[in-house]
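The values are calculated or read from the model by the stated rules, or taken from the named source; none is laboratory data. Only a predicted model underlies this, so the values are computations on that prediction, with no experimental measurement involved. Every residue, glycine as well, gets a Cβ built from its backbone with ideal geometry; the counts of neighbours run over all protein chains shown. Side chains included, ligands, DNA and RNA excluded: accessible areas come from the protein's heavy atoms. Shrake-Rupley method; radii C 1.70, N 1.55, O 1.52, S 1.80 Å.
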Amino acid sequence: MKRIKTAKQLTFTYFSIVAFAIIAFHFSMFQSVIENVEMIYAENRMLKDKNTAVERLQGTHLTHVSIPPFSEVYVGEDNLPLGVVLDPHMKDDLPYELDEASDTDLEVFSMRSQVTINGVQKTLYIIHYDEIYEISEAQMFQTQSTQLILSLLLLVVSLWVVMRISMRLTKPLSQLSQFLTARRPSDLSPIALPEGAATREVHLLVACFNDYQQQIQGLIERERAFNRYASHELRTPLMVMKGAVTLLGKTDSPEFIQRQQVRMRQACQEMEDYISTLLSLTREEDLSSIPKRLVTLEELEHIKQAHMVYLVDDQVSVQIQMQNGLETKMPEPIFHILLGNLLKNAMASTEKGRIDIQVVGNQIDVIDTGCGLKGKPGGESYGLGLMIVRDICVKYACEFSLQDNANKGCVASVILP
């Protein structure tokens, strides 16, 4: 498996590559500039010496003339000195260095030019050598070497600074990776910011990780709640169905059988609603795409009648007061579970008196005349029914409250968005 480099190693590698490229580019540019300057100087010098040589050769039969201090001019290629080998691709009036086969190790330049001497066109060859320029070139290289050493020192200092910055930036990430490696998979608690975390990216990374941990924790809690709710809330309709089946085997009365069938249908519907609700609570849904629906008085009456079996006797009455239509994004089964659990808890805490279901605007109140919150063990803890109500309200962005009445009993309120 290919070994993955650390951020520090990558920083050192990339910086070294860039530094080497800068040095190589700097040196090649300097070399090119020196050669170009030398070539331009030689060209201008030889063009000037060519004109001087033509003036001196006019009216004479000379084949060689010296143009002090650096040039020698020859008429015709045959008159060139031995050891001088011209560039085979040379063109007129352009400077060229002598071919490598020439008998010299110095940088000697040559130029060929077509001129008219004594009315006859002839080929002129100019050989140019400037010893002072060679000395100056060596001095320039020496100066450039000093600058190169200073540049290398500057790059070393820059590398040290970059490595320090890299260590400062990557140290929190390294600590975070070590912490996560040593962390147990089952540990979903929030993680703290690493020491020295000074950048916004590290803060954002830790915040996003903790948010992701919370989502996982919420998913696990919803799964646990599903199992807890399902085992508790489905027990009642199952017992109803079991009892109805037992009673059906003991009588042949059509009316009795019909009543038991109604009980079994209601129990089946209650189980179906609970399963739909609990599964919905475990899923992530986009509520903005769910259309609103209208809750009517008939739907509230249906919920009321389905829960009248939980009343022990006729000393408790249930009344519905609805001033307007109620709009909600809750599916019908979930709304039935929400209101049904509030109604069941009100019935469980009320031995005699009345229970009112009031709908005003977007608020639903279930008001009872029972024992109130203090009359139940554990204060608000009425059981898993209200836990389901709270989970439904959290998912559908509703406000839920439960408090004592001023006189007697308590009121459970749900405000829909």
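Things worth noting here:
- Separation of the CYS268 and ILE22 label points, Cα + 7 Å toward Cβ, nm: 8.2 nm
- Amide hydrogen proximity for GLU97: with H placed 1.01 Å from N in the peptide plane, the residues at 5 or more positions away or on another chain lying under 5 Å are SER110.
- Close amide-amide hydrogen proximity is noted between VAL295 and LEU326, GLU327, THR328, each under 5 Å apart and 5 or more residues distant or on a separate chain (H modeled in the peptide plane; Pro and chain starts excluded).
- Evaluating 6.51 cos²θ - 1.76 cosθ + 1.60 at θ = phi - 60° for every residue in region 44-58, the Karplus couplings come out as 5, 5, 6, 5, 5, 5, 4, 5, 5, 5, 4, 4, 6, 7, 4 Hz, glycine and proline recorded as x.
- Accessible surface ranking that places the most exposed of HIS302, HIS307, HIS61, HIS26 first, with a 1.4 angstrom probe: HIS61, HIS302, HIS26, HIS307
- R0 of 45 Å, Cβ-Cβ distance ILE220-GLU327: FRET efficiency to nearest 0.05: 0.85
- Nearest-0.05 FRET efficiency for LEU193 and THR146, computed from C-beta distance (R0 41 Å): 0.25
- Counting only heavy atoms of the protein chains and using a 1.4 Å probe, VAL120 has close to 80 Å² of accessible surface.
- ARG164 accessible area, assembled protein chains, probe 1.4 Å, Å²: 140 Å²
- Integer Hz, Karplus 6.51/-1.76/1.60 couplings in order for region 400-417, x for Gly and Pro: 10, 9, 9, 8, 6, 6, 5, 9, 7, x, 9, 10, 10, 10, 10, 9, 7, x
- As a calculated quantity, the FRET efficiency between ARG200 and LYS408 at R0 = 45 Å, using C-beta atoms, amounts to about 0.20.
- Stretch gain in nm, segment PHE256-ALA207, where the contour uses 0.36 nm per residue and the Cα spacing is subtracted: 11.4 nm
- MET163 exposes around 30 Å² of accessible area when a 1.4 Å probe is run over every protein chain in place.
- For the pair GLN305 and VAL394, label points projected 7 Å from Cα toward Cβ lie 3.5 nm apart.
- Pairs from the list LYS50/LYS91; LYS374/LYS395; LYS50/LYS122; LYS242/LYS395; LYS352/LYS374 with a Cα-Cα gap above 24 Å: LYS374/LYS395; LYS242/LYS395.
- From phi via Karplus (6.51, -1.76, 1.60), per-residue ³J(HN,Hα) for region 71-87 in Hz, x at Gly/Pro: 10, 10, 10, 10, 9, x, 5, 5, 8, 5, x, 5, x, 9, 10, 7, 5
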